[in-house]
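The values are calculated or read from the model by the stated rules, or taken from the named source; none is laboratory data. Keep in mind that what you see is a predicted model, and the values were worked out from it rather than measured. All Cβ positions, even for glycine, are placed from backbone atoms using ideal geometry, and neighbour counts span all protein chains on display.
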Amino acid sequence: MRSGWEQRLPLAGSSLESAFRTHPDAVRYSGRGAVWSVPAGDGDRAVLRHYRHGGLLAPLTGDVFFGRTPRPVRELEVSEALRERGGRTPEILALFWKRAGPGLYRADLITREVSGASDLASWLAQPRPAAERRRILAEVGRTLASLHAAGLHHPDLNLKNLLISKGEVWVLDLDRAWLGEPLAERDAVVQLKRLERSFRKLSRTRRLASEREALSVLRAYHGRRWRRAFATHWSRS
């Protein structure tokens, strides 16, 4: 736990998730299972994420993970290093894991809530002035370019893992991410196309953005090289 937060977080109960869930001022966010937010004093709120599997095997594997180094430890390492490199990702306040058998564990992560934020999918679903939408989508492109320049590999990049707050873009869920050298163009495009698939999937039930608006991300990401990059990687996708 980060020093100074010992008395600010709800810790009493059968589990951390129970302590957050039963807090009288708890707010529930949907995602891969429930994510709970509670007041933490001084105008802050703390967010608890209980690690759960996704995908087809989720009903079988549930919240039990295998490995020597628990995921919250790896996420803390990436988060701190990314913040040192100028990346915007929520500050981790505490992490917890409990053994669930030989080589198995269950885990939780507590972060400081980004004030007034909404995920990119929810932000796009709301009616907004066209100029504001283009400006934020361009900021998404610039932010992703800076994250890739910082060496962030994020295998689960999607609209739900990008937060919009006060005109800034924040990245979430670094438990499977890693930092290395600045991404080569081919690796960066793989991640951008993962984001595009997320956009198209979520757009099946509601229109999130026009093709022209979505192009704002690529133009801001690639800068002056955007036409060449579009012709090379996107025009036939």
query: Is there any pair linking a residue in the range 148-159 that is over 15 Å from ARG74 (Cβ atoms) and without any contact (Cβ under 8 Å) to a residue 40 or more places away in the chain to one that is assigned to a loop (DSSP other than H, G, I, E, B) and among the aliphatic types (A, V, I, L, M), with Cβ under 9 Å and at least six apart or on different chains, and which?
result: ALA149/LEU183
query: Can you tell me how many residues in the range 122-134 are over 18 Å from THR205 (Cβ atoms) and surrounded by 14 or more Cβ atoms within 10 Å (Cβ to Cβ)?
result: 2
query: Which residue out of GLU91, GLU132 is charged (D, E, K, R) and assigned by TED's automatic domain parsing to the domain that holds ARG212?
result: GLU132
query: Given the conditions (1) farther than 20 Å from LEU163 by Cβ; (2) of a type in the set (Asp, Glu); (3) crowded, with 17+ Cβ neighbours inside 10 Å, and given that ASP42 satisfies all but one, which numbered condition is not satisfied?
result: (3)
- prompt: Is it the case that some residue within the range 70-89 is β-branched (Val, Ile, Thr) and over 15 Å from the mean Cα position of the chain (by Cα)?
  reply: yes
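State yes or no: is ALA220 aliphatic (A, V, I, L, M) and surrounded by fewer than 15 Cβ atoms within 10 Å (Cβ to Cβ)?
No: the conditions fail for ALA220.
Test ALA125 against the stated conditions and say whether it is of a type outside the set (D, E, K, R) and free of Cβ contacts under 8 Å to residues at least 60 places away in the same chain.
No; evaluated as a whole, the condition is false for this residue.
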query: Does any residue in the range 59-74 that is of a type in the set (Gly, Ala, Ser) come within less than 8 Å, Cβ to Cβ, of a residue that is not in a loop (DSSP other than H, G, I, E, B) six or more places away or on a different chain, and which pairs are these?
result: GLY67/TYR105
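Please pick out the residue among ASP63, ASP119 that is acidic (Asp, Glu) and surrounded by fewer than 18 Cβ atoms within 10 Å (Cβ to Cβ).
ASP63
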query: Just for helices (runs of 4 or more DSSP H) wholly inside the range 57-174: which have at least 2 residues that are β-branched (Val, Ile, Thr) and out of contact with any Asp or Glu (no Cβ under 7 Å at 6 or more places or on another chain)?
result: 71-84, 130-149
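Is it fair to say SER198 is outside any strand (DSSP E or B), in contact with a helix residue (DSSP H, G or I) (Cβ under 6 Å, 6 or more places away or on another chain), among the small types (Gly, Ala, Ser) and farther than 30 Å from LEU48 by Cα? Explain how you work it out, then say what you get.
Numbers: outside any strand (DSSP E or B): yes; in contact with a helix residue (DSSP H, G or I) (Cβ under 6 Å, 6 or more places away or on another chain): yes; among the small types (Gly, Ala, Ser): yes; farther than 30 Å from LEU48 by Cα: no.
No, not satisfied.
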field: Hits in the range 202-221 (condition: out of contact with any Lys or Arg (no Cβ under 8 Å at 6 or more places or on another chain) and modelled with pLDDT of 90 or more)
entry: LEU208, VAL217, LEU218, ARG219
message: Suppose we keep only residues that are of a type in the set (D, E, K, R) and within 16 Å of LEU109 (Cβ to Cβ) within the range 9-31. Which one would you say is surrounded by the fewest Cβ atoms within 10 Å (Cβ to Cβ)?
response: ARG21
